[in-house]
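Just below is one structure, and these are the notes that go with it.
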Amino acid sequence: MIWDQHEIRLAPRARGFHLITDEITRQLPALAELDVGLLHLQLLHTSASLTLNENADPDVRHDLDAFLRDLVPGDLPYFRHTIEGPDDMPAHVAASLLGTQLTLAIRDGRLALGTWQGLYLGEHRDHGGSRRLVATLNGRQG
Amino acid sequence: MIWDQHEIRLAPRARGFHLITDEITRQLPALAELDVGLLHLQLLHTSASLTLNENADPDVRHDLDAFLRDLVPGDLPYFRHTIEGPDDMPAHVAASLLGTQLTLAIRDGRLALGTWQGLYLGEHRDHGGSRRLVATLNGRQG
Amino acid sequence: MIWDQHEIRLAPRARGFHLITDEITRQLPALAELDVGLLHLQLLHTSASLTLNENADPDVRHDLDAFLRDLVPGDLPYFRHTIEGPDDMPAHVAASLLGTQLTLAIRDGRLALGTWQGLYLGEHRDHGGSRRLVATLNGRQG
């Protein structure tokens, strides 16, 4: 049985969705030792998100971000939390709609992702800076 | 300690939400051996979703699907990922809003669901076909 | 290795978002024993939600609730599940958009939350009453 936990610091990104599968997995060498297990990822922030979606056409990432900008504009008349700028409260909403934590299956020392699945960081602030997350691995050695 | 992992192929469904609790659990005989544990489920697709919601009135499933069709129409002017048809990009959005993976508590050899809770497959494509998922069981034997 | 599972009954809350981090953790003394681990929380209901978001300014909780009330009004013409009142179907939608289960990292006997992260109960009914959840702890003793 392996339990392994690391805090990972992601490179800063522009607002939008970004594929981070490789950036995460290359910082988790213990992944390769697990025959069967789970990887739990939790952002330590409330204005960014983690989600699985298509890893191929970058237009999917564009469209998902465009949809969220349209869905949650920064100037909704009932928003009170406006002191951190018009991008902040929409970022909090997106973080809860998409989620800031998820769990991924591990099989034969690798993430058990579908052919078209990739892990996205949703950066919902204009200048979010570097984001940190806690990665917890648990599983059975091969 | 039990670790058990299976790939499950779901029967094809029409666009909309479908109760799959029984279809999943009957393919996981090891569930019955666990006194306490967790079941992690992860779809291997990016245009369908997994969510918990009401297991009784089928109108809830209708209304949830109707809401999503209204929320994310296929002809949004800023959508660029249109080559796979007008049902595709809305399906990617729904997959991230609802999620493609979740974890369920196990108690006394069964899923610890509330009286009214059921597991839904959200099929967001018009012709999504058979969907595959990875089911990972982990827990303590009774 | 510790496996520990409890059913927790939350105090009744008004419709809206409520910080419940302390109410949960003080009912889980085994948390303090875990060096590394995970806490899985699953509501046993389909009209409330669990999400991580900002623990400081209460306006964030107000705005998130105001956004959802605006996004999913109770009188959408295509809603069929109306017999339980105009707050019920919007509550089911919110439960699936935000989620009714999540997993939190444990580090050094405490939840590994970011400085500004808190656990929210989303109460989406006007009179939801007391809500129950299953808390499952799993991890390695320090």
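The values are calculated or read from the model by the stated rules, or taken from the named source; none is laboratory data. Keep in mind that this is a model prediction, so the values were computed, not measured. Cβ coordinates were reconstructed from backbone atoms using ideal geometry, including for glycine residues, and neighbour counts include every protein chain displayed. Surface accessibility is based on the protein's heavy atoms, side chains included, excluding ligands, DNA and RNA. Shrake-Rupley method; radii C 1.70, N 1.55, O 1.52, S 1.80 Å.
Descriptive notes on the structure:
- Normalised contact order of chain C, rounded percent, pairs of Cα under 8 Å and 6 or more residues apart: 55
- Surface share of carbon and sulfur [accessible, 1.4 angstrom probe, percent] for the range B:10-142: 48
- Rolling a 1.4 Å probe over the protein heavy atoms gives the range B:9-142 an accessible area of 36 Å² per residue.
- Average other protein chain Cβ within 10 Å of Cβ, residues A:57-65: 6
- Expressed in Å, the radius of gyration and Dmax of the Cα atoms of the range C:33-142 are 16.3, 56.
- Between copies, residue C:58 shows label-point distances of 4.5, 4.5 nm, shortest first, with the point placed 7 angstrom from Cα along Cα to C-beta.
- Backbone amide hydrogens, once placed in the peptide plane, bring residue A:131 within less than 5 Å of A:10, excluding anything fewer than 5 places away on its chain.
- Most mobile listed residue (A:65, A:87, A:108) in chain A, GNM with C-alpha springs under 10 Å: A:108
- Other-copy label distances relative to residue A:35, 7 angstrom Cα-Cβ extension, nm: 2.3, 2.3
- With label points defined 7 Å past Cα in the direction of Cβ, position residue A:142 shows copy-to-copy spacings of 3.4, 3.4 nm, given to one decimal and shortest first.
- Computed 3J(HN,Hα) for the range B:87-99, one whole-Hz value per residue from the Karplus formula 6.51 cos²θ - 1.76 cosθ + 1.60 where θ = phi - 60°, is 8, 7, 5, x, 5, 5, 5, 4, 4, 7, 5, 8, x, glycine and proline marked x.
- Inter-chain Cβ neighbour count for B:124-134, averaged per residue, equals 1 (cutoff 10 Å, partner chain atoms only).
- Take each residue in C:30-41, count the other chain C-beta atoms within 10 Å of its C-beta, and the mean is 3.
- According to the calculation over all Cα-Cα pairs in the range B:103-142, the P(r) per 5 Å bin from zero is 5, 14, 23, 18, 17, 13, 6, 3, 1 %.
- Gyration tensor (alpha-carbon) shape descriptor, the protein assembly as shown, a/c threshold 1.5: rounded
- Helix-only [θ]222 nm of the protein assembly as shown, DSSP H runs n ≥ 4, -39500 (n - 2.57) each, per residue, nearest 500: -6000 deg cm²/dmol
- Largest mean-square fluctuation among A:110, A:15, A:61, in a Gaussian network model of chain A whose springs join Cα atoms under 10 Å apart, belongs to A:110.
- For the range A:10-62, the square roots of the Cα gyration tensor eigenvalues, ordered a ≥ b ≥ c, give a/c of at least 1.5 with a/b greater than b/c, which places it in the prolate category.
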